Amino acid sequence: MKYQKIEKNNYNLHIIKTNKFKSINLRINFKRKIKKDEITIRNFLNDLLINSSKKYPTSRDIEIETEELYDLGISSSPYKSGNYHIISFKETFLNEIYTEKNMIKKSIIFLLELIFNPNIKENKFDKKYFELIKKTLEEDIKSLKDDTKKYSLVRLYEEMDNGPLSYRSCGYLEDLDKITDSNLYDYYKTVIENDNIDIFIIGNIEETFEEIFDEYIPNTIRIKENLSHYLNLELSEEKEIKEKMDISQSKLAIGLKISDMTDFELKYVLSLYSLILGGNPNSKLFQTIREKNSLCYYINSTALIIPKIITIVAGINKENYTKTIELIKEALENIKNGILDDKDIKEAKKIYISGCREIYDTPNLIISNYLSHEYANLDLVDTRIKEIEKVTKKDIINLAKKISIDKIFLLEGVDNIEKDTSL
(Lines give C-alpha, C1' and ligand atoms only; values in the text may rest on other atoms or scores of the structure.)
Protein backbone atom coordinates (compact mmCIF):
# COMPACT_ATOMS: atom_id res chain seq x y z
CA MET A 1 0.00 0.00 0.00
CA LYS A 2 1.45 3.34 -1.08
CA TYR A 3 0.24 6.74 0.15
CA GLN A 4 0.73 10.08 -1.56
CA LYS A 5 -0.53 13.52 -0.54
CA ILE A 6 -0.71 16.37 -3.04
CA GLU A 7 -1.33 19.77 -1.45
CA LYS A 8 -2.90 22.56 -3.48
CA ASN A 9 -4.28 25.99 -2.65
CA ASN A 10 -7.85 24.85 -3.15
CA TYR A 11 -7.79 21.19 -2.05
CA ASN A 12 -5.66 18.32 -0.78
CA LEU A 13 -5.54 15.09 -2.74
CA HIS A 14 -4.77 11.88 -0.84
CA ILE A 15 -3.98 8.85 -3.01
CA ILE A 16 -3.81 5.38 -1.49
CA LYS A 17 -2.57 2.91 -4.08
CA THR A 18 -3.28 -0.79 -3.54
CA ASN A 19 -4.11 -3.74 -5.76
CA LYS A 20 -6.03 -5.51 -2.99
CA PHE A 21 -9.49 -4.42 -4.17
CA LYS A 22 -11.37 -4.60 -7.46
CA SER A 23 -13.19 -1.38 -6.64
CA ILE A 24 -12.07 2.21 -6.37
CA ASN A 25 -13.36 4.31 -3.52
CA LEU A 26 -13.53 8.09 -3.60
CA ARG A 27 -14.34 10.39 -0.70
CA ILE A 28 -14.63 14.19 -0.89
CA ASN A 29 -14.81 16.07 2.42
CA PHE A 30 -15.84 19.67 2.97
CA LYS A 31 -14.67 20.90 6.36
CA ARG A 32 -15.05 24.11 8.31
CA LYS A 33 -15.13 25.30 11.92
CA ILE A 34 -18.40 24.18 13.44
CA LYS A 35 -21.13 26.70 14.22
CA LYS A 36 -24.35 25.63 15.86
CA ASP A 37 -26.55 27.69 13.55
CA GLU A 38 -24.90 26.23 10.41
CA ILE A 39 -25.43 22.53 11.18
CA THR A 40 -28.97 22.44 9.78
CA ILE A 41 -28.14 24.24 6.54
CA ARG A 42 -25.12 22.00 5.97
CA ASN A 43 -27.32 18.94 6.49
CA PHE A 44 -29.71 20.42 3.94
CA LEU A 45 -26.93 20.84 1.39
CA ASN A 46 -25.71 17.31 1.98
CA ASP A 47 -29.12 15.80 1.20
CA LEU A 48 -29.97 18.10 -1.69
CA LEU A 49 -26.73 17.77 -3.65
CA ILE A 50 -26.75 13.97 -3.59
CA ASN A 51 -30.32 13.84 -4.91
CA SER A 52 -30.38 16.36 -7.75
CA SER A 53 -28.05 18.29 -10.07
CA LYS A 54 -28.21 20.30 -13.29
CA LYS A 55 -27.21 17.32 -15.41
CA TYR A 56 -29.16 14.77 -13.34
CA PRO A 57 -32.19 16.73 -12.09
CA THR A 58 -34.17 13.82 -10.66
CA SER A 59 -33.41 10.84 -8.46
CA ARG A 60 -34.38 8.63 -11.38
CA ASP A 61 -31.78 10.33 -13.60
CA ILE A 62 -29.14 9.68 -10.97
CA GLU A 63 -30.24 6.06 -10.62
CA ILE A 64 -30.04 5.49 -14.39
CA GLU A 65 -26.52 6.95 -14.52
CA THR A 66 -25.30 4.79 -11.63
CA GLU A 67 -26.55 1.75 -13.54
CA GLU A 68 -24.74 2.91 -16.67
CA LEU A 69 -21.58 3.18 -14.58
CA TYR A 70 -21.73 -0.50 -13.67
CA ASP A 71 -23.83 -0.15 -10.55
CA LEU A 72 -21.76 2.63 -9.06
CA GLY A 73 -22.61 3.47 -5.43
CA ILE A 74 -22.91 6.96 -3.99
CA SER A 75 -23.73 8.27 -0.54
CA SER A 76 -23.14 11.31 1.61
CA SER A 77 -23.15 12.14 5.29
CA PRO A 78 -22.70 15.27 7.40
CA TYR A 79 -21.05 14.82 10.77
CA LYS A 80 -19.36 16.58 13.67
CA SER A 81 -15.67 16.10 14.33
CA GLY A 82 -14.87 18.00 17.49
CA ASN A 83 -14.39 21.65 16.57
CA TYR A 84 -15.31 21.03 12.93
CA HIS A 85 -18.29 20.10 10.79
CA ILE A 86 -17.74 17.89 7.76
CA ILE A 87 -19.88 17.09 4.74
CA SER A 88 -18.58 13.87 3.22
CA PHE A 89 -19.46 12.52 -0.25
CA LYS A 90 -18.56 8.90 -1.01
CA GLU A 91 -18.43 6.91 -4.22
CA THR A 92 -17.59 3.27 -4.95
CA PHE A 93 -17.14 1.87 -8.45
CA LEU A 94 -15.41 -0.96 -10.29
CA ASN A 95 -11.92 -0.39 -11.60
CA GLU A 96 -11.98 0.03 -15.38
CA ILE A 97 -9.71 -3.06 -15.55
CA TYR A 98 -12.96 -4.99 -15.07
CA THR A 99 -15.28 -2.73 -17.09
CA GLU A 100 -14.11 -0.52 -19.95
CA LYS A 101 -11.60 2.21 -20.69
CA ASN A 102 -12.10 5.69 -19.17
CA MET A 103 -14.69 4.47 -16.66
CA ILE A 104 -12.62 5.81 -13.74
CA LYS A 105 -12.75 9.34 -15.15
CA LYS A 106 -16.45 9.03 -15.98
CA SER A 107 -17.21 7.82 -12.47
CA ILE A 108 -15.24 10.63 -10.81
CA ILE A 109 -16.88 13.23 -13.05
CA PHE A 110 -20.33 11.89 -12.12
CA LEU A 111 -19.80 12.65 -8.42
CA LEU A 112 -18.23 16.03 -9.20
CA GLU A 113 -21.27 16.92 -11.32
CA LEU A 114 -23.54 16.28 -8.35
CA ILE A 115 -21.44 18.43 -6.01
CA PHE A 116 -20.26 21.28 -8.22
CA ASN A 117 -23.04 21.64 -10.80
CA PRO A 118 -26.23 21.85 -8.72
CA ASN A 119 -29.76 22.21 -10.05
CA ILE A 120 -29.95 26.02 -9.91
CA LYS A 121 -32.57 28.22 -11.56
CA GLU A 122 -32.45 32.02 -11.20
CA ASN A 123 -29.91 31.80 -8.37
CA LYS A 124 -32.11 29.40 -6.41
CA PHE A 125 -32.16 25.67 -5.90
CA ASP A 126 -34.86 23.82 -7.82
CA LYS A 127 -38.07 24.31 -5.85
CA LYS A 128 -39.36 20.75 -6.11
CA TYR A 129 -36.35 19.05 -4.58
CA PHE A 130 -35.80 21.91 -2.16
CA GLU A 131 -39.25 21.39 -0.65
CA LEU A 132 -38.89 17.61 -0.68
CA ILE A 133 -35.59 17.69 1.22
CA LYS A 134 -36.87 20.32 3.64
CA LYS A 135 -39.85 18.16 4.54
CA THR A 136 -37.62 15.10 5.02
CA LEU A 137 -35.23 17.04 7.27
CA GLU A 138 -38.12 18.33 9.33
CA GLU A 139 -39.34 14.78 9.87
CA ASP A 140 -35.82 13.62 10.78
CA ILE A 141 -35.39 16.35 13.39
CA LYS A 142 -38.83 15.68 14.88
CA SER A 143 -38.16 11.94 15.01
CA LEU A 144 -35.06 12.24 17.22
CA LYS A 145 -36.99 11.05 20.27
CA ASP A 146 -38.10 7.92 18.40
CA ASP A 147 -34.58 6.52 18.80
CA THR A 148 -34.51 6.64 22.59
CA LYS A 149 -30.93 5.38 22.90
CA LYS A 150 -29.65 8.06 20.55
CA TYR A 151 -31.81 10.72 22.20
CA SER A 152 -30.46 9.88 25.66
CA LEU A 153 -26.89 10.40 24.38
CA VAL A 154 -27.85 13.70 22.72
CA ARG A 155 -29.33 14.89 26.01
CA LEU A 156 -26.25 13.69 27.90
CA TYR A 157 -23.97 15.70 25.62
CA GLU A 158 -26.14 18.78 26.08
CA GLU A 159 -25.74 18.49 29.84
CA MET A 160 -21.97 17.89 29.64
CA ASP A 161 -21.09 20.90 27.50
CA ASN A 162 -22.48 24.07 25.94
CA GLY A 163 -20.05 23.93 23.00
CA PRO A 164 -19.63 21.63 19.98
CA LEU A 165 -20.25 18.41 21.94
CA SER A 166 -23.73 19.65 22.81
CA TYR A 167 -24.73 20.58 19.24
CA ARG A 168 -27.37 18.27 17.77
CA SER A 169 -26.09 16.54 14.62
CA CYS A 170 -29.61 16.34 13.19
CA GLY A 171 -30.00 20.13 13.31
CA TYR A 172 -32.72 22.39 14.67
CA LEU A 173 -36.24 23.19 13.51
CA GLU A 174 -35.82 26.92 14.22
CA ASP A 175 -32.84 27.01 11.84
CA LEU A 176 -34.63 24.92 9.23
CA ASP A 177 -37.49 27.43 9.14
CA LYS A 178 -35.03 30.17 8.14
CA ILE A 179 -33.68 28.32 5.10
CA THR A 180 -34.96 29.37 1.67
CA ASP A 181 -34.08 28.14 -1.81
CA SER A 182 -32.12 31.37 -2.40
CA ASN A 183 -30.18 31.70 0.89
CA LEU A 184 -29.32 28.02 0.66
CA TYR A 185 -27.65 28.69 -2.69
CA ASP A 186 -25.79 31.66 -1.19
CA TYR A 187 -24.51 29.42 1.59
CA TYR A 188 -23.62 26.67 -0.92
CA LYS A 189 -21.30 29.10 -2.71
CA THR A 190 -19.43 29.85 0.52
CA VAL A 191 -18.96 26.11 1.09
CA ILE A 192 -17.63 25.47 -2.41
CA GLU A 193 -15.32 28.49 -2.31
CA ASN A 194 -14.16 28.50 1.32
CA ASP A 195 -14.42 25.08 2.98
CA ASN A 196 -11.23 23.07 3.30
CA ILE A 197 -11.53 20.21 0.81
CA ASP A 198 -9.84 16.84 1.20
CA ILE A 199 -10.13 14.21 -1.52
CA PHE A 200 -9.25 10.61 -0.72
CA ILE A 201 -9.04 7.96 -3.44
CA ILE A 202 -8.03 4.33 -2.93
CA GLY A 203 -7.55 1.53 -5.42
CA ASN A 204 -5.30 0.11 -8.10
CA ILE A 205 -4.81 3.40 -9.93
CA GLU A 206 -1.96 4.89 -11.96
CA GLU A 207 -3.16 8.47 -12.46
CA THR A 208 -3.71 11.25 -9.91
CA PHE A 209 -6.68 12.70 -11.89
CA GLU A 210 -5.68 16.20 -10.78
CA GLU A 211 -6.85 17.73 -14.04
CA ILE A 212 -10.41 16.56 -13.39
CA PHE A 213 -10.52 17.96 -9.86
CA ASP A 214 -8.86 21.19 -11.03
CA GLU A 215 -11.60 21.67 -13.60
CA TYR A 216 -14.44 21.43 -11.09
CA ILE A 217 -13.09 22.85 -7.83
CA PRO A 218 -12.96 26.67 -7.70
CA ASN A 219 -9.38 27.88 -7.61
CA THR A 220 -9.70 29.91 -4.43
CA ILE A 221 -7.14 29.90 -1.64
CA ARG A 222 -8.59 28.14 1.40
CA ILE A 223 -7.56 29.55 4.76
CA LYS A 224 -6.88 26.57 7.00
CA GLU A 225 -8.21 26.95 10.51
CA ASN A 226 -5.43 26.81 13.09
CA LEU A 227 -7.71 24.87 15.39
CA SER A 228 -7.43 21.34 16.70
CA HIS A 229 -10.22 18.85 16.14
CA TYR A 230 -9.91 17.88 19.80
CA LEU A 231 -12.24 19.35 22.41
CA ASN A 232 -11.04 20.42 25.84
CA LEU A 233 -14.05 20.13 28.10
CA GLU A 234 -13.96 21.69 31.54
CA LEU A 235 -14.33 19.35 34.49
CA SER A 236 -17.49 19.88 36.51
CA GLU A 237 -19.30 18.34 39.43
CA GLU A 238 -21.31 15.16 39.06
CA LYS A 239 -24.95 15.87 38.27
CA GLU A 240 -27.98 13.65 37.79
CA ILE A 241 -30.68 14.52 35.25
CA LYS A 242 -33.93 12.62 34.75
CA GLU A 243 -36.46 13.00 31.97
CA LYS A 244 -39.64 10.98 31.67
CA MET A 245 -40.92 9.36 28.50
CA ASP A 246 -43.72 6.90 27.82
CA ILE A 247 -41.44 3.92 27.18
CA SER A 248 -41.10 0.58 28.90
CA GLN A 249 -37.30 0.44 28.98
CA SER A 250 -35.42 3.28 30.62
CA LYS A 251 -32.24 4.53 28.93
CA LEU A 252 -29.24 5.37 31.06
CA ALA A 253 -26.37 7.47 29.67
CA ILE A 254 -23.33 8.46 31.73
CA GLY A 255 -20.55 10.80 30.65
CA LEU A 256 -17.05 10.50 32.09
CA LYS A 257 -14.44 13.24 31.77
CA ILE A 258 -10.69 12.83 32.11
CA SER A 259 -8.21 15.39 33.41
CA ASP A 260 -4.70 16.09 32.12
CA MET A 261 -4.27 13.16 29.76
CA THR A 262 -0.96 12.61 28.02
CA ASP A 263 -0.94 12.04 24.27
CA PHE A 264 -0.22 8.33 24.81
CA GLU A 265 -3.08 8.03 27.30
CA LEU A 266 -5.48 9.70 24.89
CA LYS A 267 -4.54 7.61 21.86
CA TYR A 268 -4.08 4.22 23.52
CA VAL A 269 -4.68 3.85 27.25
CA LEU A 270 -8.15 5.43 27.03
CA SER A 271 -9.37 2.89 24.44
CA LEU A 272 -7.96 -0.04 26.40
CA TYR A 273 -9.48 1.23 29.63
CA SER A 274 -12.91 1.50 28.00
CA LEU A 275 -12.67 -2.02 26.56
CA ILE A 276 -11.90 -3.39 30.02
CA LEU A 277 -14.62 -1.31 31.68
CA GLY A 278 -17.50 -2.05 29.32
CA GLY A 279 -16.33 -2.61 25.78
CA ASN A 280 -16.72 -6.38 25.43
CA PRO A 281 -18.81 -9.30 26.79
CA ASN A 282 -16.17 -10.08 29.42
CA SER A 283 -15.90 -6.49 30.61
CA LYS A 284 -16.40 -5.39 34.22
CA LEU A 285 -19.75 -3.72 33.63
CA PHE A 286 -21.23 -6.48 31.47
CA GLN A 287 -20.22 -9.26 33.80
CA THR A 288 -21.24 -7.51 37.02
CA ILE A 289 -24.39 -5.63 36.05
CA ARG A 290 -25.90 -7.85 33.38
CA GLU A 291 -24.60 -11.36 33.96
CA LYS A 292 -24.34 -11.51 37.75
CA ASN A 293 -27.11 -9.14 38.80
CA SER A 294 -29.44 -9.10 35.75
CA LEU A 295 -30.02 -5.37 36.15
CA CYS A 296 -29.91 -4.34 32.49
CA TYR A 297 -30.88 -5.40 28.98
CA TYR A 298 -27.54 -4.16 27.66
CA ILE A 299 -24.61 -2.11 28.91
CA ASN A 300 -21.40 -0.91 27.27
CA SER A 301 -18.82 1.85 27.37
CA THR A 302 -17.21 3.73 24.49
CA ALA A 303 -14.07 5.87 24.40
CA LEU A 304 -14.56 8.99 22.27
CA ILE A 305 -11.08 10.28 21.50
CA ILE A 306 -11.91 13.61 19.80
CA PRO A 307 -14.04 14.99 22.68
CA LYS A 308 -11.82 13.14 25.20
CA ILE A 309 -14.66 11.45 27.07
CA ILE A 310 -16.07 8.00 27.82
CA THR A 311 -19.77 7.23 27.64
CA ILE A 312 -21.59 4.40 29.38
CA VAL A 313 -25.02 3.45 28.06
CA ALA A 314 -27.48 0.91 29.40
CA GLY A 315 -31.07 -0.20 29.01
CA ILE A 316 -32.65 -0.78 32.41
CA ASN A 317 -35.90 -0.93 34.33
CA LYS A 318 -36.25 2.29 36.29
CA GLU A 319 -36.49 0.48 39.63
CA ASN A 320 -32.95 -0.82 39.00
CA TYR A 321 -31.49 2.67 38.52
CA THR A 322 -29.97 3.19 41.98
CA LYS A 323 -28.39 -0.25 42.16
CA THR A 324 -27.02 0.05 38.61
CA ILE A 325 -25.36 3.40 39.38
CA GLU A 326 -23.92 1.95 42.58
CA LEU A 327 -22.33 -0.96 40.70
CA ILE A 328 -20.99 1.27 37.93
CA LYS A 329 -19.27 3.49 40.49
CA GLU A 330 -17.91 0.41 42.21
CA ALA A 331 -16.42 -0.82 38.91
CA LEU A 332 -14.76 2.56 38.33
CA GLU A 333 -13.26 2.49 41.83
CA ASN A 334 -12.06 -1.09 41.44
CA ILE A 335 -9.98 -0.22 38.39
CA LYS A 336 -8.59 2.84 40.19
CA ASN A 337 -7.54 0.52 42.99
CA GLY A 338 -5.86 -1.90 40.61
CA ILE A 339 -8.49 -4.62 40.81
CA LEU A 340 -8.06 -6.02 37.31
CA ASP A 341 -6.29 -9.09 36.00
CA ASP A 342 -3.56 -9.35 33.40
CA LYS A 343 -5.97 -11.46 31.35
CA ASP A 344 -8.35 -8.46 31.21
CA ILE A 345 -5.61 -6.35 29.66
CA LYS A 346 -4.49 -9.14 27.33
CA GLU A 347 -8.03 -9.70 26.05
CA ALA A 348 -8.63 -5.98 25.55
CA LYS A 349 -5.41 -5.70 23.54
CA LYS A 350 -6.47 -8.67 21.43
CA ILE A 351 -9.81 -7.03 20.64
CA TYR A 352 -8.12 -3.71 19.84
CA ILE A 353 -5.53 -5.31 17.54
CA SER A 354 -8.18 -7.42 15.80
CA GLY A 355 -10.15 -4.24 15.08
CA CYS A 356 -7.04 -2.58 13.69
CA ARG A 357 -6.30 -5.49 11.35
CA GLU A 358 -9.88 -5.49 10.06
CA ILE A 359 -9.28 -1.97 8.76
CA TYR A 360 -7.13 -3.46 5.99
CA ASP A 361 -10.13 -5.44 4.70
CA THR A 362 -12.31 -2.44 3.78
CA PRO A 363 -11.42 0.48 1.51
CA ASN A 364 -13.57 2.96 3.42
CA LEU A 365 -11.98 1.98 6.72
CA ILE A 366 -8.53 2.48 5.20
CA ILE A 367 -9.60 5.95 4.05
CA SER A 368 -10.94 6.69 7.53
CA ASN A 369 -7.60 5.63 9.01
CA TYR A 370 -5.68 8.08 6.83
CA LEU A 371 -8.34 10.71 7.41
CA SER A 372 -8.01 10.46 11.21
CA HIS A 373 -4.23 10.68 10.77
CA GLU A 374 -4.69 13.85 8.72
CA TYR A 375 -7.30 15.53 10.91
CA ALA A 376 -6.46 14.33 14.42
CA ASN A 377 -2.87 13.11 14.10
CA LEU A 378 -3.92 9.60 15.11
CA ASP A 379 -1.43 6.90 14.18
CA LEU A 380 -1.82 4.58 11.20
CA VAL A 381 -2.66 0.91 11.68
CA ASP A 382 0.82 -0.60 11.97
CA THR A 383 1.88 1.99 14.53
CA ARG A 384 -1.32 1.50 16.51
CA ILE A 385 -0.69 -2.22 16.81
CA LYS A 386 2.84 -1.64 18.10
CA GLU A 387 1.86 1.13 20.51
CA ILE A 388 -1.09 -0.66 22.12
CA GLU A 389 1.25 -3.46 23.19
CA LYS A 390 3.19 -0.93 25.28
CA VAL A 391 0.22 -0.17 27.55
CA THR A 392 0.76 -1.56 31.04
CA LYS A 393 -1.47 -2.24 34.01
CA LYS A 394 0.11 0.75 35.73
CA ASP A 395 -0.84 2.97 32.76
CA ILE A 396 -4.48 1.89 33.06
CA ILE A 397 -4.59 2.47 36.83
CA ASN A 398 -2.98 5.90 36.47
CA LEU A 399 -5.54 6.90 33.85
CA ALA A 400 -8.40 5.51 35.96
CA LYS A 401 -7.43 7.93 38.73
CA LYS A 402 -7.96 10.83 36.32
CA ILE A 403 -11.47 9.73 35.35
CA SER A 404 -14.61 11.04 37.01
CA ILE A 405 -18.34 10.94 36.38
CA ASP A 406 -19.54 14.24 34.95
CA LYS A 407 -23.22 13.74 34.16
CA ILE A 408 -25.77 10.95 34.63
CA PHE A 409 -28.82 11.14 32.37
CA LEU A 410 -31.80 8.83 32.77
CA LEU A 411 -34.57 8.72 30.18
CA GLU A 412 -37.02 7.25 32.60
CA GLY A 413 -39.69 4.87 31.36
CA VAL A 414 -43.10 5.43 32.94
CA ASP A 415 -44.67 2.09 32.10
CA ASN A 416 -42.56 -0.05 34.42
CA ILE A 417 -44.52 0.71 37.57
CA GLU A 418 -47.06 3.38 36.76
CA LYS A 419 -47.97 5.42 33.73
CA ASP A 420 -47.46 9.17 34.02
CA THR A 421 -50.62 10.66 32.52
CA SER A 422 -49.20 14.19 32.68
CA LEU A 423 -47.01 13.62 29.59
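The values are calculated or read from the model by the stated rules, or taken from the named source; none is laboratory data. All values derive from a computational prediction rather than experimental measurement. As a convention, Cβ positions derive from the backbone with ideal geometry for all residues, glycine included, and neighbour counts pool all protein chains shown.
Just a few scattered comments:
- Strands (runs of 3 or more DSSP E) contained in the range 195-274 and holding at least 1 residues on the phi > 0 side of the Ramachandran plot: 196-203
Residue-wise test of (1) more than 21 Å from Ser75 (Cα to Cα); (2) modelled with pLDDT of 95 or more; (3) of a type outside the set (Ser, Thr, Tyr).
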site	(1), (2), (3)
Lys5	yes, yes, yes
Tyr11	no, yes, no
His14	no, yes, yes
Thr18	yes, yes, no
Ser23	no, yes, no
Leu26	no, yes, yes
Arg32	no, yes, yes
Lys35	yes, yes, yes
Asn43	no, yes, yes
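- Where helices (runs of 4 or more DSSP H) sit wholly within the range 76-169, those with at least 2 residues that are closer than 27 Å to Ile247 by Cα and of a type outside the set (S, T, N, Q) occupy 127-142, 148-160.
- No other residue among Ile24, Ile62, Ile41 is part of a strand (DSSP E or B) and of a type in the set (A, V, I, L, M, F, W, C) apart from Ile24.
- Any hit, the range 401-412, residues being under 20 Å from the mean Cα position of the chain (by Cα), at negative phi and modelled with pLDDT of 95 or more: no
- Residues in the range 44-59 that are part of a loop (DSSP other than H, G, I, E, B), crowded, with 20+ Cβ neighbours inside 10 Å and touching a Pro at 6+ places or on another chain (Cβ under 7 Å): Ser53 only.
- Residue list for the range 120-175, restricted to those being hydroxyl-bearing (Ser, Thr, Tyr) and at pLDDT 95 or above: Thr136, Ser143, Thr148, Tyr151, Ser152, Tyr157, Ser166, Tyr167, Ser169, Tyr172
- Ile199 surrounded by 15 or more Cβ atoms within 10 Å (Cβ to Cβ), assigned by TED's automatic domain parsing to the domain that holds Ile104, farther than 24 Å from His229 by Cβ and out of contact with any Gly (no Cβ under 8 Å at 6 or more places or on another chain): no
- Flag for Ser88 being in contact with a helix residue (DSSP H, G or I) (Cβ under 6 Å, 6 or more places away or on another chain) and closer than 18 Å to Ile192 by Cβ: no
- Residue match in the range 221-243 (condition: closer than 25 Å to Ile109 by Cα and more than 26 Å from the chain's Cα centre (by Cα)): yes
- Scanning the range 146-196 for residues that are surrounded by 15 or more Cβ atoms within 10 Å (Cβ to Cβ), of a type in the set (Asp, Glu) and over 23 Å from Pro218 (Cβ atoms) yields Glu158, Glu159, Asp161, Asp175.
- Candidates Asp177, Asp195, Asp146, Asp181: the one that is under 19 Å from Tyr79 (Cα atoms) and of a type outside the set (S, T, N, Q) is Asp195.
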